[in-house]
Amino acid sequence: MAGVRRRSESITATAAQSPSSLSLSNSETPISKIEPPLILAPPKLGVVFAIAALSFVPFFYLLLVHYDVDPELKRSIVINAAMSLGGFIVSIRLIPVAAWYLSRRNMFGYDINKKGTPAGKIKVPETLGIVIGCVYLVITILFQHCTFSPDSEWLVEYNAALASVCFMILLGFIDDVLDVPWRIKLLLPSFAALPLLMAYAGHTTIIIPKPLIHYVGLQTLDLGQIYKFYMGMLAVFCTNSINIHAGINGLEVGQTVVISSAVLIHNIMQIGALKDQHAHAFSIYLVIPLLATSLALLSFNWYPSSVFVGDTYTYFAGMTLAVVGILGHFSETLLLFFLPQVLNFLYSCPQLFKIIPCPRHRLPRFDPKTGLLTGTKDGTLVNLFLRLFGRCSEQSICIRLLIFQVVSCIFCFWLRYILAGWYK
Ligand code: UD1
Ligand code: MG
C-alpha cells in the first residue's frame, strides 16, 4: 500500500478538495487533533442500488418463482439474505468511522489516476476491506445458528472455510500495514488456505471429461494429495488475480460483485436442477453476505473513490470465492467466471516473473488537462483495453472492464449449456 507512512508524519488536510472527495478541514491541522472526525463524501447509494437490483433480482426470481426449491432451504436463504441486508446497513455506517481511525494511524493512499489535479493530493483512507471482512465474519458465524444443527457434518467444513477467510483477512491486513514484497504477497493465501485444506474431508477424485475417457481408460481419477495442492493453488490464484486486476476506482469491488452474482445464479440453477444441493446451498450462504458487504464498500469506492479497499479486501474476496468454489465443487466453473482475471494474469506473467521489469504500480498514464487515461506498455488488461479501444475517463474504463466481466460470465453459462452432456 502506498499510503502507510512513518508514524511521525502527520496527515494534513489539503486545501483543494472536491465535494465528492473526503473533506477533513480547511486548515493544515494534523488530523489526529481534528474534532469532529473526518467526514467522507456520502455513499453513492443510487449506483449501488442499481447494481444490487441487477445482481439480486435474477437470483430471487429463480429462487422464489422459477424453481420449486425445498421450503426449508428457501427459508434459510431468505434468513441469510435478511442478515446480509443488516450487514450492508452496518457496513455503510461503519466505513466512515473506520476511515477516520485508519487515517489517524496514517493508513491512506493517493489516487494515482488523479495525479496532477487537486483530487490527486487528497489522502484517501486505505484498507477499508477490514471493516466489511469483520462484518462478513459476524454474519456468517451467527448464521450457523439458523441453519446447521450442532452435529451437522457441514459445520466442520463451514467453520474451516471461515477460519481460512479470517486468516486471509489477517494476512491481507498485515500486507497493507507492512507492504510486504511481491514474492511473499503471492504466498500469503497458501497459508490462509491451510485450515480449509486440513479439514477437507470431501472427495479428491475428478471426473474425466467424456471425450477423454477413451484415451485415459478411466471414468474418474483419484488425485489424493494432489487434489489438495490444486485447492491451495486455486486459493493463491483467486486472491492474487483479483489483487492485480486493480488500481481503477471501483474495479476491485466491482469485479467481485459481478463474479459473486454469477456464482449465486449458478448455485440456484444447480439447486433447481437437483444437483449437489447441499454444496450449492453452502456456497449461497457464504456468497450472499460477500455480495451485500461488497456493495456497501462499493458505494464508497465507486468513482470518485472516497476510500480504498486495500489488499485486505482483494485477498478476502478472492479467498471467499475460492472456498465456495472448492466446497461447492464447481471450481472449473468458477475459473470460467474468472476469465478476465485469467487473461490479466497471463498477460502479466512476463512482469510478475521479472522477465521484463515490473514497476510498483502498473497503471495507465493520466492526463490532468483532459482527465483521460492512456494505456501504457505494462501488461495489464486495463492498459490493453485503453490501447485497443482508445483513451477514456477512469469511470468509463471501469465500466468497460465490468461489462467485459459480465460478458465473460454470460459466456461461461452459455459454454456450460452447450457442453452439458457432451463434456461430463
Ligand atoms: C497491485 C498491482 C499494481 C497496481 C495496484 C493497484 C501488480 C503486480 N500489482 O499492486 O500494479 O498499481 O495493485 O491497486 O499488478 N490506487 C489508486 N486507485 C485505485 C486503487 C488503488 O490509485 O482505485 C493506488 C493507491 O495509491 C493505493 C494503492 O494503489 O494506495 C494500493 O496499491 P496496493 O493494493 O498496495 O498495490 P498491490 O496490490 O501491491
Ligand atoms: Mg492491492
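Things worth noting here:
- The set of residues in region 222-252 that are of a type outside the set (Phe, Trp, Tyr), within 16 Å of ligand 2 (Cβ to nearest atom) and assigned to a helix (DSSP H, G or I) comprises Val236, Cys238, Thr239, Asn240, Ser241, Ile242, Asn243, Ile244, Leu251, Glu252.
- Pairs, first touching a residue at least 60 places away in the same chain (Cβ under 8 Å) and closer than 23 Å to Phe404 by Cα in region 344-364, second more than 14 Å from ligand 2 (Cβ to nearest atom) and part of a helix (DSSP H, G or I), C-beta under 6 Å, six or more apart: Asn344/Leu381; Pro364/Asn383; Pro364/Leu386
- Listed by first and then second residue, the pairs with beta-carbon distance under 6 Å, at least 6 apart or on different chains, first residue in region 94-106 and farther than 17 Å from Cys134 by Cα, second among the polar types (S, T, N, Q) and surrounded by fewer than 19 Cβ atoms within 10 Å (Cβ to Cβ), are Arg104/Ser32.
- Extreme residue, surrounded by the fewest Cβ atoms within 10 Å (Cβ to Cβ), among residues of region 196-254 that are within 16 Å of ligand 1 (Cβ to nearest atom) and on the phi > 0 side of the Ramachandran plot: Gly247
- Those helices (runs of 4 or more DSSP H) lying entirely in region 308-424 with at least 1 residues within 16 Å of ligand 2 (Cβ to nearest atom): 310-327, 339-352, 381-389, 394-419
Matching residues to (1) within 9 Å of ligand 1 (Cβ to nearest atom); (2) under 26 Å from Phe173 (Cβ atoms); (3) not aliphatic (A, V, I, L, M):
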{"site": "Leu298", "(1), (2), (3)": "no, yes, no"}
{"site": "Phe308", "(1), (2), (3)": "yes, yes, yes"}
{"site": "Gly318", "(1), (2), (3)": "no, yes, yes"}
{"site": "Glu332", "(1), (2), (3)": "no, no, yes"}
{"site": "Gln341", "(1), (2), (3)": "no, yes, yes"}
{"site": "Tyr347", "(1), (2), (3)": "no, no, yes"}
{"site": "Pro350", "(1), (2), (3)": "no, no, yes"}
{"site": "Cys358", "(1), (2), (3)": "yes, yes, yes"}
{"site": "His361", "(1), (2), (3)": "yes, yes, yes"}
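- Residues that are surrounded by fewer than 18 Cβ atoms within 10 Å (Cβ to Cβ) and either among the β-branched types (Val, Ile, Thr) or more than 19 Å from the chain's Cα centre (by Cα) (or both), drawn from region 51-68: Val57, Pro58, Phe60, Tyr61, Leu64, Val65, His66, Tyr67, Asp68
- Scanning region 75-133 for residues that are of a type in the set (Ser, Thr, Tyr) and farther than 14 Å from Phe300 by Cβ, we see that the one that is surrounded by the most Cβ atoms within 10 Å (Cβ to Cβ) is Ser84.
- Matching residues in region 365-390 - criterion: being free of Cβ contacts under 8 Å to residues at least 40 places away in the same chain and hydroxyl-bearing (Ser, Thr, Tyr): Thr370, Thr374, Thr376
- Every residue from region 68-88 that is in contact (Cβ under 8 Å) with a residue 40 or more places away in the chain and among the β-branched types (Val, Ile, Thr): Val69, Ile77, Ile79
- Only one of the listed residues (Thr376, Thr370) is over 21 Å from Ser260 (Cβ atoms), of a type in the set (S, T, N, Q) and out of contact with any Pro (no Cβ under 9 Å at 6 or more places or on another chain). That residue is Thr370.
Only the coordinates and a few stated rules stand behind these numbers; no lab work does. Small disclaimer: the values here were computed from a predicted structure and weren't measured. Heads up, the Cβs are rebuilt from the backbone with ideal geometry, glycines too, and the neighbour counts pull from every protein chain shown.
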